[in-house]
Structure formats: structure tokens, C-alpha cells
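So the structure is just underneath, and the comments pick up after that.
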Amino acid sequence: MAAFDTDKPNVVIDNGTGYTKIGYGGAMEPSFILPTAVATAEGTGGVGGRDAIADLDFYIGDEAISHSTTYGVNYPIRHGIVENWDNMERFWQRTFFKYLQCDPSEHVVLLTEPPLNTPENREYTAEIMFETFNVPGLYIAVQAVLALAASWIKRKPGERTLTGTVIDSGDGVTHVIPVAEGYVIGSRLPHVPIAG
């Protein structure tokens, strides 16, 4: 594996239950905001019964929604947690190659995760990124910490802090997340499975 190529921008993927925001580090806005949906041909749901062509016959985002009459649509993230790893991998694949039009092996990747993500989910995410997409570097950050970091843009250098309370109400879950010096205080995480 080659050393990090600093000429290539980092890829940022903010995975959400309803929508995923994708783009490059340093940009003020995401390049794309897509529904976190994957449409696969009916009858190809089992991995053992798939052939190579059927495995490529899928859509993500708005295209998945528009093909809902002829394809089975799945939302791989539920209440902020990945539940369908095959479709999540498909989603990431199209994110890299079709939407961002980049070779993931040439870009360090920043992914977001909910505050209550399990270590097993984090490990499996890393396994997919390193073994399937061959990314040279990966950082998985809690969404609330990144929200506080994003608030730095409007503050003077002496006023910047990674301490605060973030209320994150997404499509699948609402979290109230206390953050101290960039670390989530995990023992105090109320969440409500009501959102939208």
C-alpha cells in the first residue's frame, strides 16, 4: 500500500437513516445528499442465488426510489444502525464510483456513526472499507462531535470548543449527546426512537 497522497481530498460520508451526505473534506456543503435506499432486482436477495450480472443490478438514492415498482427497495440503516450490510456495501460502492467518481484506494475516508454504535458494527465497517475498497486510511467519528467541530467556522479561534450538548433528530432516532473536550459522555445518552 502506498503512502497517503496528500494531493487527494478526503472523502466524507455522513451515513443517516433517511439520507446520506457525501462529498470531499474542506467543502462547505456535501456534493450529494441521497436517500439511504438500495433497490435490487426482485428474487436476488440471497447472496448464494446471485450471479455476477444480478449483483451489479441495483440502484441507490433517488434512483432506488424511482425503481420501487420493479425492484425491491431496502433501507440498510434503521434507527441510525446498519442492519443490512450487503446493501450498505452496495450503497458505499455506488457512492465512490458513480457519485464521487473516485477510486477509494486513493482517498482517506471519514465516516460518521451514531453515538450508540456497537464496536462490532464499527469493526465490520472498517473491514469493508479496508478489505473491499482498499482505503489507505479511515476515521469513524461520532456525528455529534463533528457537529460541534462544524460550529468552529463561525467562532473566533479562542472561542472554539468541542464541549457542548448536541440534539440530533434524524429520520430514525433522536439523540441528546453530551460531549466533553471531543469525547461523548456515553453513560448519559438518552435516545428516543421517534424522529423525522
Compare the Cα positions of Thr165, Ile65, Gly137 along the charge dipole of the chain (+1 at Cβ of Lys, Arg; -1 at Cβ of Asp, Glu; about the Cα centre) and return the one farthest towards the positive end. Thr165
With Cα Rg over 2.2 N^0.38 Å in mind, check [x] 1.07; [y] 1.57; [z] 0.98 and report the label derived from this structure. [x]
Per-pair calculated FRET efficiency, R0 = 25 Å: Ser68 and Gln101 via Cβ, rounded to 0.05: 0.45
Which trypsin sites (Lys or Arg not before Pro) from region 115-185 combine a DSSP loop assignment with at most 11 other Cβ atoms within 10 Å? Arg155
If the chain between Lys21 and Glu123 were fully stretched, how many nm would it gain, using 0.36 nm times the residue separation less the Cα-Cα distance? 34.6 nm
In nm, spacing of pseudo-spin labels at Leu56 and Ile33 (7 Å Cα→C-beta vector): 3.3
Pop a pseudo-label 7 angstrom from the Cα along the beta-carbon direction at both Asn84 and Lys8 and give the gap in nm to one decimal. 2.9
So for R0 = 35 Å, FRET eff. of Glu131-Leu162 from the Cβ-Cβ r, to 0.05, ends up at 0.65
Lysines whose Cα lies under 25 Å from that of Lys98, excluding same-chain neighbours fewer than 8 positions away: Lys8, Lys21
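Any read-out appearing in this document is the output of simple, stated calculations on the displayed coordinates, not a laboratory observation. Being a predicted model, the structure only gives us computed values, none of them experimental. Here the Cβ is made from the backbone with ideal geometry for all residues, glycine too, and neighbour counts use every protein chain on show.
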